[in-house]
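I have placed the structure first, in the form of structure tokens, so that the comments after it can refer back to it.
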Amino acid sequence: MLEQRYTVAIDGPAAAGKGTISKAVAAHFGFAHLDTGLLYRAVGRRMLQGEEPVTAAQSLTAEELGQGDLRTAEIAQAASKVAVIPEVRSALVDFQRAFARRVGGAVLDGRDIGTVICPNAEVKLFVTASAEVRAERRYLELAAKDDDVSREQVLADVKERDARDAERSTAPMKPAVDAVLLDTSDLSVDAALARAIEVIEMTLPKV
């Protein structure tokens with residue numbers, strides 16, 4: 001186990017593969033992993049239940065991130081809506097930064113990790129893919145859960161969310177200037193993971 005602080009920041013749009021890559025990278029190196037999108041999904045879930053988003057963000061607990069219903073299309077859209085609220089983002093920053101600097105290494109994936117949350121991360125990756133490829137991946141994922149969705153609607157949702165994430169005034173989604181771009185449009189999961197591991201190994205502390 002790594003006996004010092006080491007942060008891997010992985011950003012990118014929905015369904016680009018950053019979650020899959022982040023989990024696999026964390027498992028490969030023995031690092032802790034945080035899907036920061038779950039923070040916003042948990043806040044979005046509570047908003048759908050009638051709670052005010054900022055209050056929900058300020059009182060969020062780690063236990064809520066393990067709830068099994070956070071991956072629905074409805075909650076994904078709610079998460080994107082609460083994520084544009086500056087007070088919500090501010091309330092969740094400390095949680096993410098403390099996780100990132102734990103001893104033993106940490107992988108965080110989201111949309112503003114390398115630019116806002118951990119601008120000094122040892123490694124930054126921006127994982128992306130075309131909107132059409134990402135929409136097809138998300139459609140197959142939702143269809144497997146029997147969600148009543150169409151390919152056309154999922155593509156429209158992906159493009160709408162991309163625009164909202166990229167155009168928000170606070171912490172817009174964009175690659176950090178020193179991030180390594182990883183386009184997974186034509187890559188297998190194994191190939192994408194191998195590239196991510198290669199990038200990280202170049203900066204790992206020598207023991």
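Would you please name the residue that is least open to solvent (accessible area, probe 1.4 Å), looking only at residues in region 111-153 that are within 14 Å of PRO13 (Cα to Cα), in a helix (DSSP H, G or I) and modelled with pLDDT under 95?
Residue satisfying both the conditions and the ranking: ARG138.
Could you list, in sequence order, all residues of region 180-203 that are of a type in the set (A, V, I, L, M, F, W, C), open to solvent by 40 Å² or more (accessible area, probe 1.4 Å) and farther than 23 Å from ARG134 by Cα?
MET202
Pull out all pairs, ordered by first then second residue, where Cβ-Cβ is under 7 Å, the residues are six or more apart or on different chains, the first lies in region 159-179 and is surrounded by 15 or more Cβ atoms within 10 Å (Cβ to Cβ), and the second is among the hydrophobic types (A, V, I, L, M, F, W, C) and assigned to a loop (DSSP other than H, G, I, E, B).
Taking only residues 6 or more apart or on different chains, the pairs are ARG161/ALA14; ARG164/VAL84; ASP165/MET173; ARG168/VAL84.
Please tell me if VAL158 is among the hydrophobic types (A, V, I, L, M, F, W, C), more than 13 Å from the chain's Cα centre (by Cα) and over 19 Å from VAL82 (Cβ atoms). Working first, answer last.
Details: among the hydrophobic types (A, V, I, L, M, F, W, C): yes; more than 13 Å from the chain's Cα centre (by Cα): yes; over 19 Å from VAL82 (Cβ atoms): no.
No: the conditions fail for VAL158.
Mind counting the residues in region 166-206 that are outside any loop (DSSP other than H, G, I, E, B) and either over 18 Å from the mean Cα position of the chain (by Cα) or within 22 Å of VAL123 (Cα to Cα) (or both)?
Going through region 166-206, the residues outside any loop (DSSP other than H, G, I, E, B) turn out to be 166-167, 180-183, 189-201.
Next, only the ones that are either over 18 Å from the mean Cα position of the chain (by Cα) or within 22 Å of VAL123 (Cα to Cα) (or both) stay: 166, 180-183, 189-201.
Qualifying residue count, region 166-206: 18.
Does region 41-62 contain at least one residue that is under 28 Å from VAL189 (Cα atoms), touching an Asp or Glu at 6+ places or on another chain (Cβ under 9 Å), in contact (Cβ under 8 Å) with a residue 60 or more places away in the chain and part of a helix (DSSP H, G or I)?
no
Conditions first: (1) at pLDDT 90 or above; (2) within 16 Å of GLY110 (Cβ to Cβ); (3) among the small types (Gly, Ala, Ser). ALA163 passes all but one, so which condition is the exception?
Just one mismatch for ALA163, condition (2).
Within region 1-40, how many residues are part of a strand (DSSP E or B), within 14 Å of the chain's Cα centre (by Cα) and not aliphatic (A, V, I, L, M)?
3
For GLU74, all conditions in the list (1) acidic (Asp, Glu); (2) open to solvent by 30 Å² or more (accessible area, probe 1.4 Å); (3) under 13 Å from ILE10 (Cα atoms) hold save one; what is the number of the exception?
Of everything listed in (1) acidic (Asp, Glu); (2) open to solvent by 30 Å² or more (accessible area, probe 1.4 Å); (3) under 13 Å from ILE10 (Cα atoms), GLU74 misses just condition (3).
The values are calculated or read from the model by the stated rules, or taken from the named source; none is laboratory data. What you see is a predicted model; the values in this text were computed from it and never measured. Note: ideal-geometry Cβ built from the backbone for every residue, glycine included; neighbour counts use all protein chains shown. Surface areas here come from the heavy atoms of the whole protein model, side chains and all, with no ligands, DNA or RNA. Shrake-Rupley method; radii C 1.70, N 1.55, O 1.52, S 1.80 Å.
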